[in-house]
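Some notes on the structure that comes next.
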Amino acid sequence: MLKELKSNKKWVENFNKIQSELDDLEVLYDFQKEGEATEEQVDDAFLEILELIEDVEFRSTLNKKEDELNCIIDINAGAGGTEACDWAEMLMRMYQMWAQKNGFKYSVVFLQDGDVAGIKSVSLEIDGEFAFGMLKGENGVHRLVRVSPYNSQGKRMTSFASVFVHPLVDDSIEVEINPADLEWDTFRASGAGGQHVNKTESAVRVRHLPSGVVCECQQERSQHMNREKALQMLKSRLYEIELQKQFEARDAIEAQKMKNEWGSQIRSYVLDDRRVKDHRTGFQTGNTDGVLNGDIDGFLKAYLMHHEK
């Protein structure tokens, strides 16, 4: 109830802020007609209000129950070998920096390093208001084109990484799982952590037999806590699968979304041409460094405004 109340208060605050700014603009416009304010001041005030209204309009697209939830981002290196593993790590960093800039918390739930550099796969938990709603359009294949530092001949290379975003279910959403349908494994965690990492099998893997969904977690030092997190991740993925079934049954347009498979990239990052383009919305920017440093709000908003109307 408190969470719902906080959300409603936010909408009221946004409305009151826009109404107040609009009243101030009308007064400023009257001053300008009497020669007591400049046309530039009126234009600046108008653009500020326009930005506020566009932001509220954008957030109004996040109106589904699952949009308010935290989310898990799974990133997997695809075709391209070491270059693809490096690209997967670049994407992980991009989403981590986006989370920081938006005041969200993030944590690495599971990570598998690449053989030479980068990462083969990673699961990131993003904790923040409307995290899933903001990031749900990132599902799909991301394509990188650049002169590779891992190619001794300095050739231009193309590599791929797939991104899957699903809501992290909480107590407000019930997902029933039969314990008999679960198969558990334990293994030693990889990465930094000292002797504890090397001597204990604290990492866990759970397989949901009916669906074949597998979740792994090595985030915590305790095997018990990792089991709880892995089970939460499993519930989240099963919930996401059920959501997709509902979307496809309800709306034929939703059923035509690109599948998360090689060759169906949703976005291309062409670094030597300094261009990042989303193939679904047509939105693009030449600020490749900014995008890789987490400035992806333009792409997120373009997708939601394009697909959620």
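What follows draws every value from the coordinates through simple rules; no lab data is involved. Here the structure is a predicted model, which means the values were calculated and not measured. With ideal geometry, Cβ positions are generated from the backbone for all residues, glycine too; neighbour counts draw on all protein chains shown.
In plain terms, the chain from LYS10 to VAL116 could stretch by 33.4 nm, reckoned as 0.36 nm per residue minus the Cα-Cα distance. Compared with the dominant Cα axis of the chain, that is its longest principal axis, helix 223-250 is turned about 60°. Across all directions of projection, what mean area in square nanometres is found for the Cα convex hull of the chain? For the chain, the mean projected area of the Cα convex hull comes to 20.6 nm². Against the chain, whose longest principal axis comes from its Cα atoms, helix 2-33 is set at around 30 degrees. Across the stretch 275-288, computed HN-Hα scalar couplings (Karplus, 6.51 cos²θ - 1.76 cosθ + 1.60, θ = phi - 60°) run 8, 10, 10, 8, 6, 8, 9, x, 5, 8, 8, x, 8, 5 Hz from first to last residue, x flagging Gly and Pro.
Note down the magnitude of the dipole of the chain about its Cα centre, charges +1 on Lys and Arg C-beta and -1 on Asp and Glu C-beta and zero elsewhere, to the nearest 20 debye.
1800
Could you work out the local net charge near GLY118, counting Lys and Arg as +1, Asp and Glu as -1, over the other residues with Cβ closer than 11 Å to its Cβ?
Numbers: positive: ARG93, LYS120; negative: GLU83, ASP86, GLU89, ASP113, ASP115.
Combined, the nearby Lys, Arg, Asp and Glu give -3.
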